[in-house]
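The structure under discussion appears below in the form of structure tokens.
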Amino acid sequence: MNLLHFTKMHGLGNDFVVIDAIRQRFTPSPELVRWLADRHFGIGCDQLLLVEPPTRPDADFRYRIFNADGGEVAQCGNGARCFARFVVEKGLTSKRRLRVETASGVIEPELREADEVAVDMGVPVLEPARIPFVSDTDAVVQTLEVDGARVELTAVSMGNPHAVLVVEDVDRAPVAELGAQIERHPRFPERVNVGFMQVLAPDAIRLRVFERGAGETLACGTGACAAVVAGTLRGVLRPPVTVHTRGGRLRIEWAGPGQPVIMIGPARTVFEGVIDLDQPWELPR
């Protein structure tokens, strides 16, 4: 048998399969990731997180993220908090503040009291070409044609692309339908995560996010960061901001353009498990 040890974790209901690829061998493929992420035939998760040795001398670990559709992405905020708690709980480090290598640069998670983890998510990217978002202007509010209608949004990258829409009521927002349309809009060449933000007060919002490759999740850490950046740039928010998601609350701090976004929230271990990789991976069509 080819046994793989894993840990199931979540950050505000955004759930992960976390794999230690330092003390065991694991080679991901899109087919294998899709099977492990499947909630009926595999383990079940929004994303699979991989812990690897760093490839650069100034980092403690390398952090890789795979969406449930099998595609690898550059960043995941809720996953970053779980990653930090995992490496400490597994005895891979005794540090409380880490430097973690990702495909979008180095992030710095810090374990705090109880189950809270604060993560320096880096400086948000606002230039359309770097998000990437096809636009001939760098205006904060952009207009997108979707199915014959005009949608206003703010495009931000937190190491992964986000489109943030302001809505009156997130419960009535067409998250599944509109989120899927915007996710694959041709003006977002690498697809996009779509946030639906309801402003409650200058320091509080409600948020739902349709994540590329996963659909709507209970919470999205980078989506919360992007929403606070977008709301601040639009003049409707003043950080720090409490972000209410369907899975719980995050606190987001941002001092303005050119400054890093700090995300603070919980990370919890659910259970440990072992799965046999020699069994068939093929999923029903």
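The residue that is most open to solvent (accessible area, probe 1.4 Å), counting only those in region 114-135 that are β-branched (Val, Ile, Thr) and part of a strand (DSSP E or B), is Val125. Remark: pairs (first residue in region 18-31, at negative phi; second residue small (Gly, Ala, Ser) and open to solvent by less than 30 Å² (accessible area, probe 1.4 Å); Cβ separation under 6 Å; 6+ apart in sequence or on different chains) = Pro30/Gly70. Residues in region 245-261 that are under 19 Å from Ala155 (Cβ atoms), open to solvent by 10 Å² or more (accessible area, probe 1.4 Å) and among the hydrophobic types (A, V, I, L, M, F, W, C): Trp254 alone. Of the set (1) closer than 28 Å to Arg34 by Cβ; (2) within 15 Å of the chain's Cα centre (by Cα); (3) modelled with pLDDT of 95 or more, all apply to Thr217 but (3). Hey, could you check region 27-38 for residues that are open to solvent by 20 Å² or more (accessible area, probe 1.4 Å) and of a type outside the set (S, T, N, Q) and say which is farthest from Ala214 (Cα to Cα)? Across region 27-38, the extreme among qualifying residues is Pro28. Comparison of Glu113, Glu145 shows that the only residue that is closer than 30 Å to Ala84 by Cβ and over 20 Å from the mean Cα position of the chain (by Cα) is Glu113.
Within region 73-87, which residues are open to solvent by 10 Å² or more (accessible area, probe 1.4 Å) and modelled with pLDDT of 95 or more? Within region 73-87, Arg85 is the sole residue that qualifies. Looking only at residues of region 12-26 that are modelled with pLDDT of 95 or more and buried (at least 22 other Cβ atoms within 10 Å of the Cβ), we find that the one that is nearest to Cys220 (Cα to Cα) is Asp15. Within region 54-102, the set of residues being touching a Gly at 6+ places or on another chain (Cβ under 6 Å) and not in a strand (DSSP E or B) comprises Asp69, Gly71, Ala74, Gln75, Gly77, Asn78, Arg81, Cys82. Does Gly159 qualify as being open to solvent by 40 Å² or more (accessible area, probe 1.4 Å), part of a loop (DSSP other than H, G, I, E, B) and on the phi > 0 side of the Ramachandran plot? Taking the combined requirement at face value, the residue does not satisfy it.
A quick yes/no check of all residues on (1) surrounded by 19 or more Cβ atoms within 10 Å (Cβ to Cβ); (2) out of contact with any Asp or Glu (no Cβ under 6 Å at 6 or more places or on another chain); (3) assigned to a strand (DSSP E or B):
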position: Ile182; (1), (2), (3): yes, yes, no
position: Phe188; (1), (2), (3): yes, yes, no
position: Gly195; (1), (2), (3): yes, yes, yes
position: Phe210; (1), (2), (3): yes, no, yes
position: Val243; (1), (2), (3): yes, yes, yes
position: Met263; (1), (2), (3): yes, yes, yes
position: Val270; (1), (2), (3): no, yes, yes
position: Gln279; (1), (2), (3): no, yes, no
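The values are calculated or read from the model by the stated rules, or taken from the named source; none is laboratory data. These numbers come from a predicted model, not from an experiment. Quick reminder, even Gly has a Cβ in these numbers, built from the backbone with ideal geometry, and neighbours come from all protein chains shown. We work out accessible area using only protein heavy atoms, side chains counted, and drop any ligands, DNA or RNA first. Shrake-Rupley method; radii C 1.70, N 1.55, O 1.52, S 1.80 Å.
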